[in-house]
Amino acid sequence: MRAIILNGHGGVDALGYVENFPDPECGKDDVVVRVKSTSLNYHDIFTRNGMPGIKISMPMICGLDVAGEIAEIGANVSGWKIGERVLIDPRNRVEGGLVGETIHGGLAEYCRVKEHQLVAIPDGVSFDQASSLPVAYGTAHRMMMTIGQVTNDDKILILGASGGVGTGALLLAKMAGAEVVVCASSDSKMEKLKSLGADHAMTYMNNEFHKGVYELYGKPGRRGFEGGVTMVVNFTGGDTWVPSLRSLKRGGRLLTCGATAGFDPKTDIRFIWTFELKLLGSNSWERDDLEQLMNYIRDGKMEPVIDKKLPLTETREGIRLLEEREVFGKVVINP
C-alpha cells in the first residue's frame with residue numbers, strides 16, 4: 001500500500017513516501033479500515049521529532065485522526081460490516097497504545113485497529129469532517145463542555161484560537177451562547193476568527209493581553225465581582241500564564257489541556273487566592289465526546305474548520321504548514 005513512513009526522528013525530511021509498504025494483516029480481533037481522510041495534528045510533529053520517554057518502533061506510520069470504510073473484519077469481530085463508515089478513536093483504551101504514534105496510523109491507504117476503537121459515522125457527516133475531530137475537537141469538547149461547563153453567562157478569552165483546539169473551543173463556546181474574546185498572531189487570523197463568531201479579537205500585545213481584557217470589561221476587582229473575563233482557555237503555558245491569571249474576574253476559571261509554549265511557566269499564586277480563581281485541567285477526550293461532536297455536525301450545529309485538503313504525496317507540505325503556523329483550522333490528507 002501507499003504510505004508516509006517515519007524511519008527515524010528528525011525534521012520534515014524524516015517522513016518519506018513509499019508505494020509498497022506491506023498491507024496490514026487483519027487479526028481475529030482486528031478491523032482493517034480503508035482510509036478516506038486523516039487530519040494532521042501537532043502530535044504528528046512531536047512524534048516525528050521524538051518525545052522523551054516514548055519509544056517508537058521504526059518504520060512508523062503517523063496520523064492519529066482517521067476516518068474511512070471497513071475493508072476487512074476479524075473472525076471474532078461482530079456488530080460491524082464491510083463498507084461501514086467509521087471514525088477511529090486513536091486511543092486504545094484496552095490494550096494501550098496510540099494510533100499514529102506506537103500503532104501504525106492513518107497516513108496510508110489502510111489502517112488496522114481493534115474493534116472497540118471504531119465509532120460509527122452518522123449520515124450527514126463527511127469523512128473529512130469526522131477525521132477533523134478526535135485530537136483537536138475531542139480535546140476542546142471535553143475541556144469546554146465537560147470540565148469547563150460553559151454557559152451563556154460566560155465571557156471567555158481563548159489563546160491560540162486559530163489552531164484546531166482553539167477553533168473548536170471557539171465554536172463550542174459560541175454554540176453555548178458565550179461571549180468570546182480571541183487572541184491570534186495576525187490581523188488575517190483575527191478576521192477569520194470573527195467570521196466564525198468571535199465577538200472580539202486582539203493580538204498577544206507582547207504578552208500583555210490582559211490590558212486588552214481590561215479595556216473591554218474593566219480591571220478585575222479584589223472585593224467585588226466586576227471586571228475581567230469568567231474563563232481563560234490557555235493551552236500554551238509559558239509567558240502567557242500570568243497574564244491569563246490577571247485577565248480573570250473574581251471566581252473565574254482557567255482551563256488548560258496542554259502547554260505548547262512551555263510546561264513550567266512563571267506564576268504568581270497571589271492572583272489565585274486573592275481572586276479565588278479555579279485552575280481546571282482537561283486531558284484528551286472520551287468516546288462520548290466524539291459521538292456528541294458528530295451529532296452536532298449532523299444536526300447542523302457545528303462545522304469543523306478545514307484549511308487545506310491535500311493528497312498523501314503532499315503530506316510533508318501539510319506538516320510544514322502546521323509547523324510554521326501557516327494554518328487556520330485543520331489540514332486534511334486524502335490518501
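The values are calculated or read from the model by the stated rules, or taken from the named source; none is laboratory data. Every value quoted in this text rests on a predicted model; they were computed, and no experiment measured them. For neighbour counting, all protein chains shown are included, and Cβ atoms are generated from backbone atoms with ideal geometry for every residue, glycine included. Protein only, heavy atoms only, side chains kept; ligands, DNA and RNA dropped before computing areas. Shrake-Rupley method; radii C 1.70, N 1.55, O 1.52, S 1.80 Å.
Values computed for the structure shown
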item	result
Carbon and sulfur %, accessible surface of region 1-150 computed with the full protein complex present, 1.4 Å	49
Computed [θ] at 222 nm, helices only, for the chain once each DSSP H run of length n ≥ 4 contributes -39500 (n - 2.57)	-6500 deg cm²/dmol
HN-Hα J in Hz across region 326-331 - Karplus 6.51, -1.76, 1.60, θ = phi - 60°, x for Gly and Pro	9, 10, 10, x, 10, 10
Debye, to nearest 20: dipole size of region 11-154, +1 on Lys, Arg Cβ, -1 on Asp, Glu Cβ	260
Förster-model FRET efficiency, 51 Å R0, E95 and R223, C-beta, rounded to 0.05	0.40
Cut-off 17 Å (backbone N to label point 7 Å along Cα→Cβ of A259), residues of region 265-295	265-269, 279-284
Sequence-separation-based contact order of region 198-294, relative, with Cα cut under 8 Å and 6+ spacing, percent	23
Solvent exposure, largest accessible area first (probe 1.4 Å, DNA, RNA and ligands not counted), of F275, F46, F225	F225, F46, F275
Taking region 1-94 and dividing mean pair separation by its residue count, relative contact order in percent (alpha carbons under 8 Å, at least six apart)	31
Nearest-10 value in Å² for the accessible area of H9, using the 1.4 Å probe	90
Efficiency of FRET from Cβ geometry, D123 and M205, R₀ 45 Å, rounded to 0.05	0.50
Residue-normalised accessible area of the chain, expressed per residue, 1.4 Å probe, Å²	43
Euclidean distance of C-alpha centroids, region 52-122 and region 276-327, integer Å	18
HN-Hα J in Hz across region 52-64 - Karplus 6.51, -1.76, 1.60, θ = phi - 60°, x for Gly and Pro	x, x, 10, 9, 10, 7, 9, x, 10, 9, 7, x, 8
Carbon plus sulfur fraction of accessible area for region 157-197, probe 1.4 Å, in percent	50
Residue among Y204, Y110, Y137 with the largest mean-square fluctuation in a Gaussian network model of the chain, springs linking Cα atoms under 10 Å	Y204
Using θ = phi - 60° and Karplus 6.51 cos²θ - 1.76 cosθ + 1.60, couplings along region 297-311 (whole Hz; Gly, Pro as x)	5, 4, 8, x, 8, 8, 10, x, 8, 10, 8, 9, 10, 10, x
Relative contact order for region 3-158, counting Cα pairs under 8 Å that sit 6 or more residues apart, in percent	27
Within region 1-67, trypsin sites (Lys or Arg not before Pro) in DSSP loop having at most 11 other beta-carbon neighbours inside 10 Å	K28, K55
